[in-house]
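Working notes for the structure below.
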Amino acid sequence: MPRSTTRSLARRLFAATLLLGAPIAAPLQAQQPGQPEKFENLKYFPKDIPRDSLLGIMRGFTTALGVNCQYCHVTEPAPAGAPGPRERLRPALDDKQTKLTARFMLRMVDTLNHAILPALDKRHTPAIAVTCATCHHGSPLPQTTQAMLTETIDRAGIDSAIASYRKLRGDMVAGRYDFREGPIDELALSLAGRGRSEDAIKLLEMNQEFFPGSADVDLTMAEVYLRKGDKDRAATRYRAALVKRPNDPRIMRRMQELGVKPDSTR
């Protein structure tokens, strides 16, 4: 095999190692049920990659994305009466878009780690590499909190989005989403900008349950009320924010612009 080809294969294997953040040659304890004896239709990995190495990489994918093998690979019923699992994998098939996307992502990560990032001036030492977990954090889709909730709001409504957020927050799975107050405040302002102030207020009321001492939630709610044209409720929220953050010049300036006094009178 030409030396350049050998280097290319080694680089690809190294890219896969970085992608998973684990040793590429990590052996499996035992063969997984339904896995083939040999591999076919390999289009990214070398044709002669050791079996244990490839299965270790595949196992890393399932951990990084929080999925199982069937997420990318086609399955079919096992022959009647055959021992073992009722279904078996057909890894050679390219019938699922998720598998095609995975190949694209492998090449993207390879390019980032071996072409783009090395060209960065004054790169951090030791070098930081992009991995699956860099974006996915155990989720099949690497969405931000705002993107996930926006999709749910548009598809199923604000109440479903709030229920989903509460469940995810209760699970707190592997840092999958950002559960600080900021993402909800930003999403609420985005919703208000789309004319959905009532949905924005519901989100902020939920956010205040988790961050009762936050002046920023009150400030965001005040801005939403102002966009809605409700100056009285906005004033109430500005006063609440000022109690939590006394003498904040931004709050005081905003209240002065609106002619709102710090006390309960107007």
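The values are calculated or read from the model by the stated rules, or taken from the named source; none is laboratory data. Fair warning: this is a prediction, and the values are worked out from it, not measured in the lab. Positions of Cβ are backbone-derived with ideal geometry, glycine not excepted, and every protein chain shown enters the neighbour counts. Side chains are part of the model used for accessible areas, which takes the heavy atoms of the whole protein and leaves out ligands, DNA and RNA. Shrake-Rupley method; radii C 1.70, N 1.55, O 1.52, S 1.80 Å.
General observations
- Mean projected area of the Cα convex hull of region 27-163, taken over all directions, amounts to 12.4 nm².
- Rh (Kirkwood; distinct C-alpha pairs) - region 159-258, Å: 14.0
- Per-q log10 I(q)/I(0), region 170-223, q = 0.22, 0.28, 0.31 Å⁻¹ (Debye; single scatterer per alpha-carbon; no solvent): -0.78, -1.07, -1.21
- A 1.4 Å probe run over the protein chains yields, for region 130-266, 52 Å² of accessible area per residue, whole-number rounding.
- Region 242-252 - phi-based ³J(HN,Hα) in whole Hz, Karplus 6.51/-1.76/1.60, Gly and Pro as x: 5, 5, 6, 9, x, 6, 5, x, 5, 5, 5
- Pairs from Lys167/Lys202; Lys47/Lys99; Lys47/Lys96; Lys43/Lys167 whose Cα-Cα separation, in the structure shown, is over 27 Å: Lys43/Lys167
- Solvent-accessible area of Glu205 with every protein chain in place, 1.4 Å probe, in Å² to the nearest 10: 90
- Solvent-accessible ranking of Arg155, Arg194, Arg86, largest area first, probe 1.4 Å: Arg86, Arg155, Arg194
- In Å², nearest 10: area of Glu209 left accessible to a 1.4 Å probe: 110
- Region 69-201, dipole about Cα centre (Lys/Arg Cβ +1, Asp/Glu Cβ -1), debye to the nearest 20: 460
- A 1.4 Å probe over all protein chains sorts His137, His124 by accessible area into His124, His137, starting with the largest.
- At the residue level, Glu257 shows approximately 120 square angstrom of accessible surface with a 1.4 angstrom probe and all protein chains present.
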